[in-house]
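Q: Let me begin by handing over the structure; questions about it come next.
The values are calculated or read from the model by the stated rules, or taken from the named source; none is laboratory data. This is a predicted model, so every value here is computed, not measured. Quick reminder, even Gly has a Cβ in these numbers, built from the backbone with ideal geometry, and neighbours come from all protein chains shown. Heads up: the accessible areas ignore ligands, DNA and RNA and are worked out on the full protein's heavy atoms, side chains in. Shrake-Rupley method; radii C 1.70, N 1.55, O 1.52, S 1.80 Å.
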Amino acid sequence: MNIHEYQAKQLFRSYGIPAPEGRPAASAQEADRAARGLGGAGWVVKAQVHAGGRGKAGGVKLVKTLEDVAAASRDLLGGRLVTHQTGNAGLPVRNLLIERTYPIKRELYLSLIVDRGSERMTFIASAAGGMDIEAVAHESPEQILSVAIHPAAGLQANQCRRCAYALGLKGEQIKALTGIMQGMYRLFLEKDASQIEINPLIETEAGELLALDAKINFDDNAVAAHPDILALRDHEQEDAKENKAQQYGLNYITLDGTIGCMVNGAGLAMATMDLVKLKGGSPANFLDVGGGTNVEKVCEAFKLILSDGNVKAVLVNIFGGIVQCDIIASGILAAIKQVHVAVPVVVRLEGTNAEQGRALLNSTGLNLYAADDLTHAAEQVVALAEAAA
Ligand code: GDP
Ligand code: MN
């Protein structure tokens, strides 16, 4: 789960991580009041969306006058911001963060992630922070330091110093960075975060360190244990189809292809998508209906897949291990009738009672194809999607 920058900065403050003074605003009037309240000679107006890349997309505006605070706010609010992380539709801008501006000496990068390779929480630090960290990682990886934390020993002072040296910090700044890293480490563990990113962490002209940006991701599997974090959820920033899927216990991820996929089991779903790709098609989604699926879930899964206008054909790939194929087949038929599926559906059933299942599907007269093996099913669905396009 993702939260907004202004929420992340509030959490930062409660963990002793310094962030610029700022206030959220949902209208131009509120933005004006926020800027007046903050005082100072300049402000930054920041679109609050669950995505990075706002700076390059015009979602971060530096302004010098109250008139410009209001103008920038009107410009951003109510629109959608498209960044390189949002996809073409962008994300709605309902909130802004108004902050005082600070004279920036240097922009640094600091994040805390779980490194799956070393199976450890790992700090990533670079003196080349700012908007192009992806390019730095790609072109000059030697400018990026990673420091893995031993789970029993915890974060060590010498690890903080190593990061501080890599960031070119001196004297009091080393202590300040240690405080920031300790705060990030505690926040990560106590709130079950999966990623905390500060880009940029700035060094001001006065030598102070401040988190100018704040991104926190939380582990979806743990967030139920943190009502305070759950309360920060903003459904509008999330994919509506993915939220709906969650309600029905379906694992659904929107993609941009034309072939809807309904599969039981995450591994089988990925193998199915690979095969569709191999046969020249492109999946419209990832969907795992789970092991013990039933008619209701299959119906909801069809509704989700068909609510995507790009879908030209559907591939159902079910392995009847826990569930029986004939029960799945009746579920599919019930769903197709209930949901009025207008696109062709290719079904591959294998496992317990597969014969009975296929017999049921073959005797309907619907736009339905029961395939006897997965390779044929993939070829068939790709051909049908191409014919429809
Ligand atoms: P992102 O593009 O979504 O990661 O948004 P950021 O919050 O990182 O802002 C993008 C860039 O805007 C930063 O790298 C800074 O260069 C600039 N910026 C943001 N806030 C301020 C500020 O208070 N003062 C100045 N001078 N620049 C800022
Ligand atoms: Mn940033």
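Q: Residues in region 365-389, backbone N under 18 Å from the label point at Asp274 (7 Å along the Cα-to-beta-carbon vector): list them, ranges by number please.
A: Residues 374-379 fall inside that zone.
Q: If you only keep lysine pairs separated by 8 or more in sequence, or across chains, how many in region 239-388 come under 17 Å at the Cα atoms?
A: Total qualifying Lys-Lys pairs in region 239-388 comes to 9.
Q: Along Cα→Cβ, 7 Å out, is where each label goes; now give me the distance between the ones at Glu134 and Gln338 in nm to one decimal.
A: That separation, rounded to one decimal, is 4.0 nm.
Q: Rounded, prolate or oblate: which fits region 81-239, taking a ≥ b ≥ c as square roots of the Cα gyration tensor eigenvalues, rounded meaning a/c under 1.5, else prolate when a/b beats b/c?
A: oblate
Q: Can you work out the Karplus-derived ³J(HN,Hα) for every residue in region 222-235? Use 6.51 cos²θ - 1.76 cosθ + 1.60 with θ = phi - 60°, whole Hz, and x for glycine or proline.
A: Values per residue, Gly and Pro as x: 10, 5, 4, 7, 10, x, 5, 6, 4, 5, 8, 5, 10, 4 Hz.
Q: Let me ask something additional. Under the rule of -39500 (n - 2.57) per DSSP H run of 4 or more residues, summed and divided by the residues of the chain, what mean residue ellipticity at 222 nm is obtained, to the nearest 500 deg cm²/dmol?
A: Only helices count here, giving -11000 deg cm²/dmol.
Q: I've got another one for you. Where a ≥ b ≥ c are the square roots of the eigenvalues of the C-alpha gyration tensor, would you call region 21-101 rounded, which needs a/c under 1.5, or, failing that, prolate if a/b is larger than b/c, or oblate?
A: Here region 21-101 falls in the prolate category.
Q: Quick check for you: with a 1.4 Å probe and neighbouring chains kept, what is the accessible area per residue of the chain, in Å²?
A: With the other protein chains kept in place, the chain gives 46 Å² per residue.
Q: In whole Hz and in residue order, list the ³J(HN,Hα) couplings for region 127-137 that follow from phi through the Karplus curve 6.51 cos²θ - 1.76 cosθ + 1.60, θ = phi - 60°; x for Gly and Pro.
A: So the J values, rounded to whole Hz, are 6, 9, x, x, 7, 10, 4, 4, 5, 4, 4.
Q: Quick check for me: using +1 on Lys/Arg Cβ and -1 on Asp/Glu Cβ, what's the dipole size of region 239-388 about its Cα centre, in debye to the nearest 20?
A: With Lys and Arg at +1 and Asp and Glu at -1, about 260 debye.
Q: Checking the cross-link filter: which lysines have an alpha carbon closer than 27 Å to that of Lys56, excluding same-chain neighbours under 8 positions apart?
A: Lys9, Lys46, Lys64, Lys105, Lys215
Q: Give me the distance in nm between label points sitting 7 Å out from Cα along the Cα-to-Cβ direction at Lys56 and Glu386, one decimal.
A: Taking the two extended label points, one gets 3.5 nm.
Q: Still on this structure: Rank Asn217, Ser194, Gly130 by how far each Cα sits towards the positive end of the charge dipole of the chain (+1 on Lys, Arg Cβ; -1 on Asp, Glu Cβ) and give me just the farthest.
A: Gly130
Q: Something else now. Set the Förster distance to 45 Å, then compute FRET efficiency between Arg233 and Asn367 from the Cβ-Cβ distance, nearest 0.05.
A: With a Förster radius of 45 Å, E is 0.70.
Q: Label the chain by shape, choosing from rounded, prolate and oblate, from the square roots a ≥ b ≥ c of the eigenvalues of the Cα gyration tensor; if a/c is under 1.5 it is rounded, and otherwise prolate applies when a/b is larger than b/c, oblate when it is not. If you can, show how the numbers build up before the last one.
A: On the way: a/c = 2.69, a/b = 1.94, b/c = 1.38.
The shape class here is prolate.
Q: Taking region 159-270 on its own, what percent of its Cα-Cα pair distances exceed 17 Å? Present the calculation step by step, with values, prior to reporting the outcome.
A: Details: 4268 of 6216 pairs.
Percent of Cα pairs beyond 17 Å in region 159-270: 69.
Q: I've got another one for you. Could you give the dipole magnitude of the chain about its Cα centre, charging the beta-carbon of Lys and Arg +1 and that of Asp and Glu -1, in debye to the nearest 20?
A: 840
Q: Any idea how far apart Ala225 and Arg33 come out in nm if each label point goes 7 Å out from Cα toward Cβ?
A: Using points 7 Å along Cα→Cβ, the separation is 3.9 nm.
Q: Hey, another quick one. Any idea which of Gly365, Phe286, Gly53 is furthest toward the positive side of the dipole for the chain, if Lys and Arg beta-carbons carry +1 and Asp and Glu beta-carbons -1?
A: Checked the options; the winner is Gly53.
Q: Further, regarding this structure: Expected output is a single nm value to one decimal: the length gained when fully extending between Ser14 and Asn294, i.e. 0.36 nm times separation in residues minus the C-alpha distance. What is it?
A: Length gained, Ser14 through Asn294: 96.3 nm.
Q: Would you pull out the residues with amide H under 5 Å of Arg348's amide H, same chain only if 5 or more places away, H placed 1.01 Å from N?
A: When sequence neighbours closer than 5 places are left aside, the close amide H contacts are Val316, Asn317, Ile318, Ala371.
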